1. For region 80-95, enumerate the residues that are open to solvent by less than 50 Å² (accessible area, probe 1.4 Å) and touching an Asp or Glu at 6+ places or on another chain (Cβ under 8 Å).
2. With open to solvent by 30 Å² or more (accessible area, probe 1.4 Å) and under 20 Å from Arg29 (Cα atoms) as the only criterion, which of Arg117, Arg77 stands out?
3. Go through region 81-115 and report how many residues are charged (D, E, K, R) and more than 23 Å from the chain's Cα centre (by Cα).
4. Could you tell me whether region 5-24 includes any residue that is modelled with pLDDT of 95 or more, among the small types (Gly, Ala, Ser) and more than 15 Å from the chain's Cα centre (by Cα)?
5. Test each condition in (1) open to solvent by less than 90 Å² (accessible area, probe 1.4 Å); (2) touching a Cys at 6+ places or on another chain (Cβ under 9 Å); (3) in contact (Cβ under 8 Å) with a residue 12 or more places away in the chain; (4) more than 13 Å from Ala34 (Cβ to Cβ) for Ser112 and report the one that comes out false.
6. Given the criteria in contact with a Lys or Arg (Cβ under 9 Å, 6 or more places away or on another chain), more than 23 Å from Val45 (Cβ to Cβ) and among the aromatic types (Phe, Trp, Tyr), does Tyr178 qualify?
7. Which one is farthest from the chain's Cα centre (by Cα) among residues in region 157-197 that are among the β-branched types (Val, Ile, Thr) and not in a strand (DSSP E or B)?
8. Looking at region 25-49, which of its residues are open to solvent by less than 60 Å² (accessible area, probe 1.4 Å) and at pLDDT 70 or above?
Amino acid sequence: MDKDKNIESTKMEDINAQIDAVGEDEQHRYPWYAIKLYGFTQKKVEEYLADNGLETFIPLEYVDEEDKEHKVKHILRPVVKNLIFLKKTKDDAIIKKIISSSNIKMSIITVSKIDKRYCEIPARQMDEFMMMCNPDILLKKFISEEQAHLKTGTLVRVKRGPLQGLSGKLVRSNKNYYLLKDVPGMAVLLKVTKWCCMALE
């Protein structure tokens, strides 16, 4: 998704308020997992995990869809159809049992093909990723994890402006600068002004 409209300041003020509050937010005590799905809808997986007391997140974006009457509707759709994020509020053994007990085929993304430990996403990183995925923010793009790893850039934190407080990799694409935040399975690019960013050591 790549729109040329300006980011609504009210939405960014909401994000700034969230960033200020994250230190006291409960979710900061819990990392997240990325779960790969095989042939089932995210909604069904989301409902199954919720029934077992687990919280999930599905990145969404607005798309234009034409109905049978040729009317264009602006609707929310998942960015990636075979991925869902799970908040680790239970022990690994319990989460593993919940997943293996289901008739829904899915697997938690591991560190690597050799290292079979579950790949944990730190709470702060997930906070920022979720904020950057806000569907009301239009100046952004979604890319694959593989594409994100190919992009070179500098680790920065935005020091002023509407995105103040967010951190990520500053990358250049089509003469514009973007703040890149990647997590297992996908990444988001949010348009940013280079001069508002401070390099992190």
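1. If we filter region 80-95 for residues that are open to solvent by less than 50 Å² (accessible area, probe 1.4 Å), which is where we start, we get 80, 83-88, 95.
Answer for region 80-95, where residues must be open to solvent by less than 50 Å² (accessible area, probe 1.4 Å) and touching an Asp or Glu at 6+ places or on another chain (Cβ under 8 Å): Ile84, Leu86, Lys87, Lys88.
2. Working: Arg77 fails: under 20 Å from Arg29 (Cα atoms).
Only one candidate passes the filter, namely Arg117.
3. 2
4. Within region 5-24, not a single residue is modelled with pLDDT of 95 or more, among the small types (Gly, Ala, Ser) and more than 15 Å from the chain's Cα centre (by Cα).
5. All conditions are met except number (3).
6. yes
7. Going through region 157-197, the residues among the β-branched types (Val, Ile, Thr) turn out to be 158, 171, 183, 188, 192-193.
Retained after the next criterion (residues that are not in a strand (DSSP E or B)): 192-193.
Details: Val192: 17, Thr193: 21 Å.
Ranking the candidates gives Thr193 first.
8. The initial filter retains those residues of region 25-49 that are open to solvent by less than 60 Å² (accessible area, probe 1.4 Å), namely 27-28, 31-35, 37, 42, 45-46, 48-49.
Selection gives Pro31, Trp32, Tyr33, Ala34, Ile35, Leu37, Gln42, Val45, Glu46, Tyr48, Leu49.
The values are calculated or read from the model by the stated rules, or taken from the named source; none is laboratory data. What you are looking at is a predicted structure, and each value in this text was computed from that prediction instead of being measured. Heads up, the Cβs are rebuilt from the backbone with ideal geometry, glycines too, and the neighbour counts pull from every protein chain shown. Side chains included, ligands, DNA and RNA excluded: accessible areas come from the protein's heavy atoms. Shrake-Rupley method; radii C 1.70, N 1.55, O 1.52, S 1.80 Å.
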